[in-house]
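Beneath this line is the structure, given in structure tokens, with notes to follow.
The values are calculated or read from the model by the stated rules, or taken from the named source; none is laboratory data. Because the structure is predicted, anything quoted here is derived from the model rather than measured. Virtual Cβ from ideal backbone geometry, glycine too; neighbours counted across all protein chains shown. Please note that ligands, DNA and RNA were not included when accessible areas were found on the heavy atoms of the full protein model with its side chains. Shrake-Rupley method; radii C 1.70, N 1.55, O 1.52, S 1.80 Å.
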Amino acid sequence: QVQLVESGGGLVQAGGSLRLSCAASGSIFSINAMGWYRQAPGKQREWVARITSDGGTNYADSLKGRFTISRDNAKNTMYLQMNSLKPEDTAVYYCNRWPIPSASWGQGTQVTVSS
């Protein structure tokens, strides 16, 4: 059973920064591309960014230049550095495999950006 634990969310003013962390079970983290996803209130979950096992990254077009995804395979941890946050970034953020997420999602971490 894959376990994914997100952390690092919080309340921040527009223009601020947050760093999210995702701790994943080692059996999957070291061999799979991983991604960050988010779900805003009343909206469907959407893909944010992904990173391959060798460090290749890609981002949703609207987030390029503000968000940075990284991973530490030795620690089985993935990160999402979010800068210049906007109120529209408010959402619950999740990590999971990419491109096909596991059916088992973590609890997510809430990010709230105030204007």
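Here residue 88 passes the criteria (1) at pLDDT below 95; (2) open to solvent by 20 Å² or more (accessible area, probe 1.4 Å) except the one numbered (1). Could we say that residue 69 is farther than 15 Å from residue 40 by Cα and within 13 Å of the chain's Cα centre (by Cα) here? For residue 69, the condition - farther than 15 Å from residue 40 by Cα and within 13 Å of the chain's Cα centre (by Cα) - is met. In the stretch 99-115, of all residues being open to solvent by 80 Å² or more (accessible area, probe 1.4 Å) and part of a loop (DSSP other than H, G, I, E, B), the one that is nearest to residue 8 (Cα to Cα) corresponds to 107. Condition check for residue 44 on (1) under 14 Å from residue 4 (Cβ atoms); (2) exposed (fewer than 15 other Cβ atoms within 10 Å of the Cβ): one failure, at (1). Checking residue 54 against (1) of a type outside the set (A, V, I, L, M, F, W, C); (2) surrounded by 14 or more Cβ atoms within 10 Å (Cβ to Cβ); (3) at pLDDT below 90, which single condition isn't satisfied? Every listed condition holds for residue 54 apart from (2).
Could you check the stretch 41-56 and list, in sequence order, the residues that are closer than 15 Å to residue 71 by Cβ and outside any strand (DSSP E or B)? Talk me through it step by step, then tell me what you get.
Restricting attention to the stretch 41-56, the residues satisfying the condition of being closer than 15 Å to residue 71 by Cβ are 48-56.
Answer for the stretch 41-56, where residues must be closer than 15 Å to residue 71 by Cβ and outside any strand (DSSP E or B): 52, 53, 54, 55, 56.
Selection of the stretch 75-98 for residues being of a type in the set (A, V, I, L, M, F, W, C) and either free of Cβ contacts under 8 Å to residues at least 24 places away in the same chain or outside any loop (DSSP other than H, G, I, E, B) (or both) yields 78, 80, 82, 91, 92, 95.
Taking first residues from the stretch 1-24 that are among the β-branched types (Val, Ile, Thr) and partners that are open to solvent by 50 Å² or more (accessible area, probe 1.4 Å) and outside any strand (DSSP E or B), the Cβ contacts under 9 Å between residues at least 6 apart in sequence or on separate chains come to 2/27; 5/107.
Scanning the stretch 57-74 for residues that are assigned to a helix (DSSP H, G or I) and either touching a Leu at 6+ places or on another chain (Cβ under 7 Å) or open to solvent by 30 Å² or more (accessible area, probe 1.4 Å) (or both) turns up 61, 62, 73, 74.
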